[in-house]
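Structure, as structure tokens:
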Amino acid sequence: MSETTTYTVAGMTCAHCVASVTEEVSEIPGVEDVQVDLASGAVAVTSNQPVSAEAVKAAVEDAGYQIA
Ligand code: 9UX
């Protein structure tokens, strides 16, 4: 059973930003899909096991951005 949680990320301004966030968040164990909307900063994380908000925050920060 997959579940999707949406976060808002601040500071993404180009497609490369989107690629960086997608790559980092995709590496979290259990994450199956990451969909980023550049205009709104919405990052939808779909996983097959619970993923902590802290793990997502750390991945976003590793990519160089912040959870809004
Ligand atoms: Mo290009 Mo996106 O420097 O931060 S990767 S705007």
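Of the residues VAL21, VAL25, which is within 11 Å of the chain's Cα centre (by Cα), part of a helix (DSSP H, G or I), within 12 Å of the ligand (Cβ to nearest atom) and modelled with pLDDT of 95 or more? Sole residue among the options that is within 11 Å of the chain's Cα centre (by Cα), part of a helix (DSSP H, G or I), within 12 Å of the ligand (Cβ to nearest atom) and modelled with pLDDT of 95 or more: VAL21. Looking across the range 34-47, the residues that are surrounded by 13 or more Cβ atoms within 10 Å (Cβ to Cβ) and not β-branched (Val, Ile, Thr) come down to GLN35, ASP37, LEU38, GLY41, ALA42, ALA44, SER47.
Have a look at VAL56, VAL60, VAL9 and point out the one that is within 16 Å of the ligand (Cβ to nearest atom), part of a helix (DSSP H, G or I) and surrounded by 15 or more Cβ atoms within 10 Å (Cβ to Cβ). Walk me through it before giving the result.
On the way: VAL56 fails: within 16 Å of the ligand (Cβ to nearest atom); VAL9 fails: part of a helix (DSSP H, G or I).
Only one candidate qualifies: VAL60.
Criterion applied to GLU61, GLU54 was being among the acidic types (Asp, Glu) and closer than 24 Å to THR13 by Cβ, and the one residue passing it is GLU61.
GLN35: of a type in the set (S, T, N, Q), under 23 Å from MET1 (Cβ atoms) and without any contact (Cβ under 8 Å) to a residue 60 or more places away in the chain, yes or no? Answer is yes for this residue.
The values are calculated or read from the model by the stated rules, or taken from the named source; none is laboratory data. From a predicted model like this one, the values you see are computed outputs, not experimental measurements. Counting neighbours? That spans all protein chains shown, and the Cβs are built from the backbone with ideal geometry, glycine included.
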